[in-house]
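Q: Once you've had a glance at the structure underneath, I'll fire off some questions.
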Amino acid sequence: MIGRLNHIGVATPSIEDSVRMYADLLGATQAGQPFELPAQGVRVCFIDLPNSQIELIEPLGDDSPIHGFLAKNPRGGQHHVCFEVADILAARDALRAKGATILGTGEPRIGAHGTPILFLHPRDMGGVLVELMETPKEAH
Ligand SMILES: CC[C@@H](C(=O)O)C(=O)SCCNC(=O)CCNC(=O)[C@H](O)C(C)(C)COP(=O)(O)OP(=O)(O)OC[C@H]1O[C@@H](n2cnc3c(N)ncnc32)[C@H](O)[C@@H]1OP(=O)(O)O
Ligand SMILES: [Co+2]
């Protein structure tokens, strides 16, 4: 079921400060400008890596799912890992059959790459919040 690591999500109180930090310390460059995803309650900017991406996420709106995380980690921190899957609904159903909890309604939402995503509860993954993302069609 599991495919390539697509990105590591990093929550931050300031995308601009984090972009500067990745550039100054690691020489890493951002992939495009920050953009808002109101349906996900986050503002986003990607940092390119040779083999993956860092997804910087900043809270957007009062209902952002990362408010709680930033309240506990005010300077930000590693928030989730995202693995690609070929078929998100098949992955969801297989995980549920194994007893895993899919967060929210269980209906996939459209993520930052324009493909459906779901999240697995961290208690089922050893304390790691896992995002599953359907592989973009052009990557097949
Ligand atoms: C950019 C768009 C998209 C993409 O395309 O890539 C994204 O990545 S959006 C990223 C933001 N969206 C989400 O994270 C959606 C899924 N998350 C959630 O539904 C919630 O954040 C959560 C995981 C259910 C936590 O909600 P919260 O309100 O913070 O609840 P608690 O504080 O009560 O936490 C419950 C429990 O879970 C532990 N926890 C919380 N966050 C994390 C985390 N990031 N990593 C690991 N563990 C986490 C928290 O410590 C609690 O544990 P216990 O105390 O043991 O119960
Ligand atoms: Co993500």
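Conditions (1) more than 8 Å from ligand 1 (Cβ to nearest atom); (2) on the phi > 0 side of the Ramachandran plot, marked per residue:
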residue	(1), (2)
Leu95	yes, no
Gly99	yes, yes
Gly111	no, no
Val130	yes, no
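Q: I would also like to ask the following. Can you find a residue in the range 118-134 that is part of a strand (DSSP E or B), farther than 22 Å from Pro13 by Cβ, open to solvent by 40 Å² or more (accessible area, probe 1.4 Å) and in contact with a Leu (Cβ under 9 Å, 6 or more places away or on another chain)?
A: no
Q: Something else: I'd like to verify a number: residues in the range 43-57 that are over 10 Å from the mean Cα position of the chain (by Cα) and open to solvent by less than 30 Å² (accessible area, probe 1.4 Å), how many?
A: 4
Q: Looking at the range 103-123, I want the residues that are over 13 Å from Thr135 (Cα atoms) and free of Cβ contacts under 8 Å to residues at least 12 places away in the same chain and have a partner that is in a loop (DSSP other than H, G, I, E, B) and within 8 Å of ligand 1 (Cβ to nearest atom) with Cβ atoms under 9 Å, at least 6 apart or on another chain. Which pairs are those?
A: Pro122/Val128; Pro122/Leu129
Q: Can you tell me which of (1) under 20 Å from Phe46 (Cβ atoms); (2) away from ligand 2 (no atom under 14 Å from the Cβ); (3) open to solvent by less than 20 Å² (accessible area, probe 1.4 Å) is the one Ala91 doesn't meet?
A: (1)
Q: Write out, first by first residue and then by second, each pair whose Cβ atoms fall under 9 Å of each other, whose residues are 6+ apart or on separate chains, and whose first residue, in the range 16-27, is closer than 16 Å to Pro50 by Cα while the second is modelled with pLDDT of 95 or more and surrounded by 13 or more Cβ atoms within 10 Å (Cβ to Cβ).
A: Pairs found: Tyr22/Ala28; Tyr22/Gln30; Tyr22/Ile47; Tyr22/Ile54; Tyr22/Leu56; Ala23/Gln30; Ala23/Ile47; Leu26/Ile47.
Q: Test of understanding: among Val85, Val10, Val19, which residue is on the phi < 0 side of the Ramachandran plot, out of contact with any Leu (no Cβ under 6 Å at 6 or more places or on another chain) and open to solvent by less than 80 Å² (accessible area, probe 1.4 Å)?
A: None of the other options fit; the residue is Val19.
Q: While we're looking at this one, here's another question. Go through the range 60-88 and give me each residue that's touching a Pro at 6+ places or on another chain (Cβ under 8 Å) and either within 14 Å of ligand 2 (Cβ to nearest atom) or in contact (Cβ under 8 Å) with a residue 60 or more places away in the chain (or both).
A: Matches in the range 60-88: Leu60, Ile66, Pro74, Arg75, Gly76, Ile88.
Q: For Gly76, which of the numbered conditions (1) at negative phi; (2) crowded, with 19+ Cβ neighbours inside 10 Å fails to hold?
A: The one condition Gly76 does not meet is (1).
The values are calculated or read from the model by the stated rules, or taken from the named source; none is laboratory data. Keep in mind the model is a prediction, meaning the values are calculated, not measured. Cβ coordinates were reconstructed from backbone atoms using ideal geometry, including for glycine residues, and neighbour counts include every protein chain displayed. To get the accessible areas, we keep the full protein, side chains included, count just its heavy atoms, and leave off ligands, DNA and RNA. Shrake-Rupley method; radii C 1.70, N 1.55, O 1.52, S 1.80 Å.
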